[in-house]
Amino acid sequence: MRVTLDWLGCATFRLTIGSLVVFLDAYLDRVPSAPPVGLTVDEIDRADWIVVGHSHFDHVYGAERIAKRTGAAIVGSYETVRIMAAHGVPEAQLVPVAGGETVRLAEDVAVRVLPSQHSCVWSHRGMSDAGEVCIGDLGVTHQEQQRRMRELFAWLATLGSEVLGHLRISAQGARGDGGSLLYLFETPEGSLLFQDTSGCWTGILAGLRPDVAILAAAGRGNLDGQPVQGSLSQFLAREVELLRPRRVVLSHHDDWLPGFSRAIDVAPIRAELRRVAPATELLEMGYRAAAAVFANPAKS
Ligand SMILES: [Zn+2]
């Protein structure tokens, strides 16, 4: 059994566990101005499962075509599943979850689904540097957050027809994004946590103890429903203190939507993690690096 993890840009990964192929999110076909990841949906011939963290286009767009090409089943929130069904993915390939479920993926592989939080994307337009301290925006009501989100999406739609097309594919209705989920994979080689947006419930992270944690590094962190009072690096360090993983892999930190995103300089994150969790290794991956993710335990 060999477990490999391949970063495919934004928060999309391909996890192979022996012969089992699992996509974590599916946003491979990005706007032309984003750096290419070296793989397109049309080149994917094998997938057994697609596990989607939340229903925004930069996570779900492409899952509908991978599912149709390969017959893979999609695990995601009820909103993710609704969008996939609307794009013609057969119901038999859809597994709606809300957190609390354990989904068996193969005889010796299962994934636990846990409730999570989205980053406070409503609190800013554009991405801050990882070391930049942001404070304020506490206690903003849901209605005000939704109003700011509508403004943000209207602005994103002005970034060009490609972005508009991607937004339309994952068009959220009036009911919002359906919430964010965390996934804890249990494999014969170890456990892997997948997070695709910078938010969490601290009480849920505490005690999970995954061997490897994929953590999103973009935007304003969300701790228990409130924007982190500090930097993205400090937010990640807090998550790592709670999780105590052997290894961390970052996601969402590349320039996936030029004009909105930016390639995050990882240096402040590297320094903060070294300070608070010296035993945890930060595995810095390039696109399509296909790392043996559980191999060679860190002994720092
Ligand atoms: Zn999102």
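A short reminder: the numbers here are calculations on the coordinates, not readings from a lab. Here the structure is a predicted model, which is why all the values come from computation and not from measurement. Note that each Cβ is placed from the backbone with ideal geometry, even for glycine, and that neighbours are counted across all protein chains shown.
When DSSP beta bridges are restricted to pairs lying wholly in region 4-93, around 60% turn out antiparallel. For the peptides 87-95, 113-121, the ranking by packing is 113-121, 87-95, with the highest mean count of neighbouring Cβ atoms within 10 Å listed first. Which of rounded, prolate or oblate describes region 196-254 when judged by the alpha-carbon gyration tensor and an a/c cut-off of 1.5? Oblate.
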